[in-house]
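See below for the structure under consideration.
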Amino acid sequence: MAYTREKHTKEGRLYYEIIVSRGRSKSQATERWYPKEGWSKRTIERERDKAAADFERRVKSGEYLSRAEMAAAEAEQAAAEARISSFRSYAETVFMPGVAARCAETTRTGYNQLFKKHIYPAIGGIKLPDVSPAQITALLVDMQASGMAHASCVKVYALLNSVFKAAFRDDSIPIDPMLKVERPKPRKDEKGNPESAAAYTVEEVKALFAALDTEPLKWRAYIRLLVDTGVRRGEACGLKWSDIDNEDGYITISRNLCYTPEKGVYQDTPKNGKARIVPASPELLKLLRQLRSEQAKACISEWVFTQDGLTDPMHPDSPTRYFKNLGKRCCMNELHPHKLRHTFASLAITNGADVASVSETLGHSDKAVTLRMYTHADEESKKRAASIVWNAINE
C-alpha cells in the first residue's frame, strides 16, 4: 500500500514523497510528486492519490528500480557488451591462446600472419556475433579477385572455420556463420595448370639429378635426401651426424628445425611429435660420407647441413631460396622442397609400395592423410591396377 508524506524543498516548494514497501528483502520505493501552482487543496489530494496509485502499480510490476539497482543493471549490461567482443578481440584473447597451447610455433605464426594481412582489415572490428556469412564470403571473393593463390584462400577459409566453430562451442555466438559460406574454388586460370602438379615424374627426377652435377655437394646431398626419404625441409636441416647409421643404412628423424620472426631459429620435434627411422639408399649414404669429409676441412660440426664455413646448422628457410634459384637454372618450374616430399610418396605408392609403410616413412600419424594428400596415380599405375583385375578374371 502506498502512502505519502508532505515535504518542502530548500526553496520552500511543496511536494509529496510517495512511499511503497517492497518487502523486507528490498529497500522502500520512493518518488517525488509536485502539485501545480494554483491547485486547490482538494485537487492536490485527488491528483496526489492518482500519482501514488500509479507509482504503486509500477513498483509492483517491476518497472521501478532504485538508484543502486539501476547502477547494478547498467554494470551488468556493460559486462554483457564486453563479453560480446569484436572478432579480433576474440581471436587474440580466446582462440590464439588455445592454438599456442596445442600447436607448433610455426602454426601460430602462420595464423597470425593470415589474421593481420587478410582477416582483421576486413572483419576484425565487427562484433563477433554480427559477422555475417555475406561478409566472410566477400572477404574470400576479394582475395581471389586480387589474384591470391587458391591455396592461400583455402587457408583463410579453414582458419575462419576454426575460429567460428570454437566460438559456437563456447557459446560466444548463437550460430556459426561458416555453415553458409562455401569453400573457395580454384579460378579458371588455376585449373589444370601443369606447373602446379603435386609431384614430379621419374623422368623429371632423373633430369633434376643430372642438373645437380655442377651444384655444391651440400645441396646434392640435401636434395637426394628429400627425394630418397620424403623427409620435411626442417627435418633435413635438423639432422646431426649421430642420426646417420652408415652400417645398417638408416637415418633417425628426431628433430625439426624451425624459424619464426618472433623466436628465430629453434629446434622442435617432428610434426607428429614422434621420432622415426627411415631407410637410406647407398647413393645417399655415399654423398653424406663425402659431405662429412668436405665439411671437416672447414670446421667440425655436429650438424649434417651447416651454413657455409660455420658450425651452425643451415637456416630452415635457406632451402626454399636455393630451390627457387636452382629451378630457374635447370628450367624446373615451382621447384620446392615439399614438392620432393610429394614426389617420394607418389612414386612409392604408384610403384607398388603399401600405404602403411609410406605413411610411417613420411611421419604421418594416420595413413588416411597419406592417401588424401600424396596419392597422385598416373595413367601407368591406373592401367596396372586394372590389369591385375583383368588377369585374375582371365586366369
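Local charge sum around TRP241 (other residues, Cβ-Cβ under 12 Å, Lys/Arg +1, Asp/Glu -1)?
After counting each charged neighbour, the total is 0.
Near LYS218, which lysines are there with a Cα under 24 Å away, not counting those fewer than 8 places off in the same chain?
In chain and number order, the partners are LYS206, LYS240, LYS286, LYS297, LYS324, LYS328, LYS339.
Per residue, what accessible area does the chain have, given a 1.4 Å probe and all protein chains present, in Å²?
That works out to 59 Å² per residue.
Calculate the length of the line joining the C-alpha centroid of the stretch 107-179 to that of the stretch 242-290, in whole Å.
36
Round to a whole number: what % of the accessible area of the stretch 1-69 belongs to carbon and sulfur, probe 1.4 Å?
Taking all protein chains in place, the stretch 1-69 shows 46 percent carbon and sulfur surface.
Leaving out same-chain residues fewer than 8 places away, which lysines sit with a Cα under 20 Å from that of LYS7?
LYS36, LYS41, LYS50
Counting helices only, and only those DSSP H runs with n ≥ 4, report the 222 nm mean residue ellipticity of the chain as the sum of -39,500 (n - 2.57) divided by its residues, in deg cm²/dmol to the nearest 500. Write down the numbers at each step before the final one.
On the way: 17 runs with 198 residues, N = 395.
Rounded to the nearest 500, the figure is -15500 deg cm²/dmol.
Pairs LYS165/LYS367; LYS117/LYS185; LYS263/LYS367: which exceed 24 Å Cα-Cα?
Violating the 24 Å Cα-Cα cut-off are LYS165/LYS367; LYS263/LYS367.
Between VAL202 and GLU334, what is the label-to-label distance in nm when each label sits 7 Å out along the Cα-to-Cβ direction?
So the label points at VAL202 and GLU334 sit 2.3 nm apart.
Set the Förster distance to 35 Å, then compute FRET efficiency between SER146 and ALA72 from the Cβ-Cβ distance, nearest 0.05.
0.10
Over the chain, what is the relative contact order in whole percent, taking alpha-carbon pairs under 8 Å and six or more residues apart? Mind showing how you got there, number by number?
Working: 433 pairs, mean separation 42.0, N = 395.
Reported relative contact order: 11 percent.
Normalised by the residues of the stretch 190-289, what does the relative contact order come to in percent, with Cα pairs under 8 Å and at least six apart?
RCO, the stretch 190-289: 24 percent.
By how many degrees, between 0 and 90 and to the nearest 10, does the Cα long axis of helix 217-229 differ from the longest principal axis of the chain?
It is inclined by approximately 70 degrees.
Specify which labelled value, from (i) 37, 26, 19; (ii) 38, 30, 16; (iii) 74, 25, 19, agrees with semi-axes √(5λ) of the Cα gyration tensor in Å derived from the coordinates of the model shown.
Among (i) 37, 26, 19; (ii) 38, 30, 16; (iii) 74, 25, 19, the one calculated here is (iii).
What does the highest-first list of 249-262, 14-27 look like by mean Cβ count within 10 Å?
249-262, 14-27
The values are calculated or read from the model by the stated rules, or taken from the named source; none is laboratory data. Note that the structure is predicted; figures quoted are calculated from it, not measured. We place every Cβ from the backbone using ideal geometry, glycine too, and count neighbours over all the protein chains shown. Calculation scope for accessible area: heavy atoms of the full protein, side chains included, ligands and nucleic acids excluded. Shrake-Rupley method; radii C 1.70, N 1.55, O 1.52, S 1.80 Å.
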